[in-house]
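The structure appears right after this line, and notes come after that.
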Amino acid sequence: MSCLEEKFDQLRSVYPAEMNSSLVLPLLHLMLKEKGHLTESDAVFIAQYLDVPPMQVKEALTWYTMLYRQPVGKHVIKICRNIGCSLMGAERLIEYLERKLGIKEGETTADGRFTLLAVECLASCGTAPAMQIDDTYHEQLNESKIDQILKELS
Amino acid sequence: MIEITIDNKTVEANEGETVLQAALRNGIEIPHFCYHPCLSIAGNCRVCLVKVDGRPKLMPACNQTVAPNMVVETEAPEVQSARAAVMQFIMLNHPGDCGICDKAGECRVQEYQFKYGMAEPISIEPKHHKKKFNYLSERIVLDNERCILCSRCVRFTREVSKSAQLGIVERGSHSYVARLDAQPFDDPYSDNVLGICPTGALLSREFMYKSRVWYLEPVRSVCTRCARGCSVNVWRRKKHWYVRSLGEEKNITAYRISPLENPEINGRWICNTGFDLHKFMARPRAMAPMMAGNTVTVDEASAEANRLLAGATNPAIILSAHASNEELQAFKEKLSPRVQVYTREDYCPAEGEVVEDDLLIRADKNPNSYSVHAMFGQKAFSAAAGHDVVIVWGDQVDYTSLGNAKIIHLTSYAPEQETRADVLLPISTTFERSGTFCNFEGKTNRFEQVFDKPKLVQHASDLFGRL
């Protein structure tokens, strides 16, 4: 963990002192990047580092869906299922992705390449239906566009 | 002082106070779940919504600070319908299993649903299910389905007991109260959350299914487990509900202990040791007088004690710090001129017990050391003083430290080691008499009699009259 703690220290240095609680989320994100998914013991680690109650970190960890608590594949596909996208056919696209990848929503492919998550609003209603793969937005989707996007991913 | 109007009644409110506080202080009831006078304001349950003149929407009374000439209505039609709607929402996923819930009868959700809720749910969706038996610790079970997420317990652990061991995890209708998976809820004040929980979510595992609460009644008492002397309620069966055939021991069972509000001494809280007071009191008793290991009558034992005292050249007594002020006074008047007086701590901190903290727990594990020391000073017994008869008052006696003296032992509980006492006289416990203790700050606190004493047991104050 010492390498991680160095990164923690770096981040901490740019925050005002005595504002430990504000560092909870940045540290969770940092740790997620390092470890792929987070467990309760990671939350406790951060809590001890920041000297805040472990439950406070666990609350944040369980509240945010983007903080994965299970191992995920190399690429995480988050496809919107909220109303805007649903009106534009998102439900069909989710089914299409499930068929194409051979997994159900919330699962990871056997080769570990893709995890499929249905999420709530991605704030891209104007260009619905939308999905986010890792940190990239893909908008105005249709089935052939999805085929193309997945093909281009390594 | 600010004057505000609540329901056409002019009431005086303190500056900075909330509408809810002003209303409650003036005897006006506004329903509330998440508001608790000792905790921060969460404002999440919404059942305290009231109409405030000049505001476009209903305001939560718990979070609305009073202002001069404010006009509040708590029973306006829109308030009533909002309340009913909030109750619909709170009951949306509540199982409504009052029939098998220990909290029934003293449950805020039940009370408000009955009073303000609608008879039928309007939702056609199936209820959301959560984990029902969630063991937070050896002492507490959490039923997540019954929980209404008022966060009182969470705020208690963060603001009062400071362990911060509880939190609300996940979100939306999936959220629930939880602790860390790796650490039980072992806060020394954990059981207070049972009392502040407005529903049957947090329940005592020890009291679980022992009795319906409406068979029980509270009796004012004082916790004897440390020098704080917290006010407690001891819950006994109501006379009306006495069992008259099998299971008569239920009639003399202390079912549970709960904190009794006493702003001078303990506020609204007690520690877990206090919550276990009834178990402490239920240890095996000394039930009959004994002489040299044989059971005798009260008269025989008293006569022998008198004979020993009359023949003694250098008698002594070791006082009990569990004796009440009244008993100490009786002793002072009747017996103290004739004997050398020593004091001791009947109970010392047990292994693993919290010795002392900043909230309530005191290092002296006896309730009345203050009065003993004030009346008789503080002097430990020494066998070297050559006493030939020693009266030992109280439990937990190490007979070997008493030398070769003849021993008259006044005790409520059966001695843990084999008794070497020449005369053993059983005396009543604090549950079997009324009286007062002075806590470590010298504050007097009164306890009432909960049960009748067993037949062969005597009150220490009566006993001194006979010796």
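The values are calculated or read from the model by the stated rules, or taken from the named source; none is laboratory data. Everything quoted here is computed from the prediction, not taken from an experiment. FYI the Cβ positions are ideal-geometry reconstructions off the backbone, even for glycines, and counts take in every protein chain you see.
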When you check B:A76 against the structure, is it in contact (Cβ under 8 Å) with a residue 24 or more places away in the chain, surrounded by 15 or more Cβ atoms within 10 Å (Cβ to Cβ) and of a type in the set (G, A, S), yes or no? no
B:S163 meets each of (1) within 12 Å of chain A (Cβ to nearest Cβ); (2) among the polar types (S, T, N, Q); (3) not in a loop (DSSP other than H, G, I, E, B) with one exception, condition (3)
For B:K131, all conditions in the list (1) more than 14 Å from chain A (Cβ to nearest Cβ); (2) surrounded by 13 or more Cβ atoms within 10 Å (Cβ to Cβ); (3) in contact (Cβ under 8 Å) with a residue 24 or more places away in the chain hold save one; what is the number of the exception? (2)
What are the pairs, 6+ residues apart or on separate chains, where a residue within the stretch B:385-400 that is more than 17 Å from B:P426 (Cα to Cα) and at pLDDT 90 or above has its Cβ under 7 Å from a residue that is part of a helix (DSSP H, G or I) and aliphatic (A, V, I, L, M)? B:V389/B:L308; B:V389/B:L309
Please note which helices (runs of 4 or more DSSP H) are completely contained in the stretch A:1-107 and include at least 2 residues that are surrounded by 15 or more Cβ atoms within 10 Å (Cβ to Cβ) and either away from chain B (no Cβ under 14 Å) or in contact with a strand residue (DSSP E or B) (Cβ under 9 Å, 6 or more places away or on another chain) (or both). A:2-13, A:24-35, A:54-63, A:83-87, A:90-101
If you go through the stretch B:175-198, how many residues are in a loop (DSSP other than H, G, I, E, B), surrounded by fewer than 23 Cβ atoms within 10 Å (Cβ to Cβ) and more than 14 Å from chain A (Cβ to nearest Cβ)? 1
With the condition kept exactly as written, say whether any residue in the stretch B:445-453 is outside the structural domain of B:P263 (by TED's automatic domain parsing), part of a strand (DSSP E or B) and exposed (fewer than 15 other Cβ atoms within 10 Å of the Cβ). yes
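Looking for whichever is crowded, with 16+ Cβ neighbours inside 10 Å, touching a residue at least 24 places away in the same chain (Cβ under 8 Å) and touching a His at 6+ places or on another chain (Cβ under 7 Å) here; the options are B:R256, B:R268, B:R237, B:R225. Which one fits? Walk me through it before giving the result.
Values: B:R268 fails: touching a His at 6+ places or on another chain (Cβ under 7 Å); B:R237 fails: touching a His at 6+ places or on another chain (Cβ under 7 Å); B:R225 fails: touching a His at 6+ places or on another chain (Cβ under 7 Å).
Checking each option against the conditions leaves just B:R256.
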Just one of (1) within 14 Å of chain A (Cβ to nearest Cβ); (2) over 18 Å from the mean Cα position of the chain (by Cα); (3) of a type in the set (F, W, Y) trips up B:F156, so point out which. (2)
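Rundown of residues vs (1) more than 20 Å from B:M281 (Cβ to Cβ); (2) part of a strand (DSSP E or B), yes/no style:
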residue	(1), (2)
B:Y370	yes, no
B:A380	yes, no
B:V390	yes, yes
B:L410	no, yes
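Quick grid of which residues meet (1) in contact with a helix residue (DSSP H, G or I) (Cβ under 9 Å, 6 or more places away or on another chain); (2) surrounded by fewer than 16 Cβ atoms within 10 Å (Cβ to Cβ); (3) farther than 29 Å from B:M291 by Cβ:
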| residue | (1), (2), (3) |
| --- | --- |
| B:T313 | no, yes, no |
| B:H322 | yes, no, no |
| B:Q340 | yes, yes, no |
| B:N366 | yes, no, no |
| B:V372 | yes, no, no |
Hey, B:I140 more than 14 Å from chain A (Cβ to nearest Cβ) and in contact with a Leu (Cβ under 7 Å, 6 or more places away or on another chain) or not: yes
